[in-house]
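First up is the structure itself, then whatever we jot down about it.
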Amino acid sequence: MDAAYNLARWLTGNEPDAQDVVQQAFLRAFKFFGGFRGGDSRSWLLRIVRNSFYDWVGKQRPLDTSFDEDLHGIATESPAPDAALLEKADKQLVHEAIGQLPAEYREVLVMRELEDLSYKEIADVADLPIGTVMSRLARAREQLRQGLLERMRRD
């Protein structure tokens, strides 16, 4: 359930919409559970979450790609105040850059780097060939790198 919510949160950009998408996905999963033929249940559920998101986008307003550090921040032990400030700024910079990626790149990046899914699992979830997953990951990483460089130059 955490992976489903995490993917939905990154795709929708905010907590209330992510909750709506996950709720819809779980309703679909319950309704169609009889069609589940075994295998990786996590990939099956994430695929339903992904499809629910794209259905939701088609019915809702334009996608909000803003990022809320309070929702996605990672708790750490208390480092020195200056180190903590730099770490927070770095995290915020990365999260903002991820949030600016197109949804098709952001979703594969989140599934690979944050949810630790294999290429095959991502391909199953996104209903894509493995080669497409690999190319989208490469492009996502490159766009993320470019976005971070641009933001660092501005700051």
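Of the numbered criteria (1) open to solvent by 30 Å² or more (accessible area, probe 1.4 Å); (2) without any contact (Cβ under 8 Å) to a residue 24 or more places away in the chain; (3) under 19 Å from D124 (Cβ atoms), the one A29 fails is (1). Take the conditions buried (at least 17 other Cβ atoms within 10 Å of the Cβ) and at pLDDT 75 or above and apply them to R47. Does it pass? Against the criterion (buried (at least 17 other Cβ atoms within 10 Å of the Cβ) and at pLDDT 75 or above), R47 qualifies.
The set of residues in the range 50-66 that are modelled with pLDDT of 80 or more and closer than 15 Å to A8 by Cβ comprises R50, N51, S52, F53, Y54, D55, W56, V57.
Looking across the range 109-139 at every residue that is in a helix (DSSP H, G or I) and without any contact (Cβ under 8 Å) to a residue 12 or more places away in the chain, the one that is surrounded by the most Cβ atoms within 10 Å (Cβ to Cβ) is identified as A123.
Is it true that Q19 is polar (S, T, N, Q), more than 29 Å from R153 (Cβ to Cβ) and either at pLDDT 75 or above or part of a helix (DSSP H, G or I) (or both)? Here the answer is yes, as Q19 does meet what is asked.
Taken over the range 140-151, the criterion of being exposed (fewer than 13 other Cβ atoms within 10 Å of the Cβ) and either polar (S, T, N, Q) or outside the structural domain of K91 (by TED's automatic domain parsing) (or both) is satisfied by Q146 alone.
The values are calculated or read from the model by the stated rules, or taken from the named source; none is laboratory data. All values reported here derive from a predicted model rather than from experimental measurement. Heads up, the Cβs are rebuilt from the backbone with ideal geometry, glycines too, and the neighbour counts pull from every protein chain shown. To get the accessible areas, we keep the full protein, side chains included, count just its heavy atoms, and leave off ligands, DNA and RNA. Shrake-Rupley method; radii C 1.70, N 1.55, O 1.52, S 1.80 Å.
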